[in-house]
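Below you'll find the structure, written out as structure tokens, and then a few comments.
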Amino acid sequence: QVQLVESGGGLVQAGGSLRLSCAASGRTFSSYAMGWFRQAPGKEHEFVAVLNWIGDNKSYAESVKGRFTISRDNDKNTVYLQMNGLKPEDTAVYYCARVSWAGWGPATPLDAWGQGTLVTVSS
């Protein structure tokens, strides 16, 4: 079982940047593709970004493409989400998860949601 802890959220003005981190425990972290998802108030969880186990294949939701970058450091058991050009519509709780992924398009989470990290973008 892998434990995932998200951090790095906060309040930022539109156009600003944040970097989210997801620290994983467990020796199997580097074996899995990892993804970021988010849930805005009153909405369902939605896919944001995914990368494969080695980090050389990535996919993004259209709404964040060109603004967000997903990366991972398998030595540190951590996956990151660099968010630039933030918009008010990016306001949500962000979650990471191990995922099932075909190598293109969106991914499907394998883990139950953790506590997430809240990102609030003011206009």
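Odds and ends about this structure:
- Residues in the range 89-105 that are open to solvent by 10 Å² or more (accessible area, probe 1.4 Å) and over 18 Å from residue 54 (Cβ atoms): 89, 91, 93, 95, 105.
- Per the listing 81, 86, the residue uniquely surrounded by 14 or more Cβ atoms within 10 Å (Cβ to Cβ), part of a loop (DSSP other than H, G, I, E, B) and of a type outside the set (Val, Ile, Thr) is 86.
- Residue 50 being of a type in the set (A, V, I, L, M, F, W, C) and under 23 Å from residue 13 (Cα atoms): no
- Every listed requirement among (1) open to solvent by 20 Å² or more (accessible area, probe 1.4 Å); (2) in contact with an Asp or Glu (Cβ under 6 Å, 6 or more places away or on another chain) is met by residue 65 save one, (2).
- Whether a residue is in contact (Cβ under 8 Å) with a residue 60 or more places away in the chain, among the aliphatic types (A, V, I, L, M), under 20 Å from residue 118 (Cβ atoms) and touching a strand residue (DSSP E or B) at 6+ places or on another chain (Cβ under 8 Å) was assessed, and residue 12 passes this test.
- The number of residues in the range 48-76 being touching a Gly at 6+ places or on another chain (Cβ under 9 Å), without any contact (Cβ under 8 Å) to a residue 40 or more places away in the chain and part of a loop (DSSP other than H, G, I, E, B) comes to 2.
- Among the residues of the range 5-47, those that are under 21 Å from residue 122 (Cα atoms), part of a strand (DSSP E or B) and over 14 Å from the mean Cα position of the chain (by Cα) comprise 10, 11, 12, 13.
- Selection of the range 18-27 for residues being open to solvent by less than 60 Å² (accessible area, probe 1.4 Å) and either within 16 Å of residue 116 (Cα to Cα) or hydroxyl-bearing (Ser, Thr, Tyr) (or both) yields 18, 20, 21, 22, 23, 24, 25.
The values are calculated or read from the model by the stated rules, or taken from the named source; none is laboratory data. This structure is a prediction, so every number in the text was calculated from the model and none was measured. All Cβ positions, glycine included, derive from the backbone under ideal geometry; neighbour counts span all protein chains shown. Areas reflect the complete protein model, heavy atoms only, side chains present, ligands, DNA and RNA absent. Shrake-Rupley method; radii C 1.70, N 1.55, O 1.52, S 1.80 Å.
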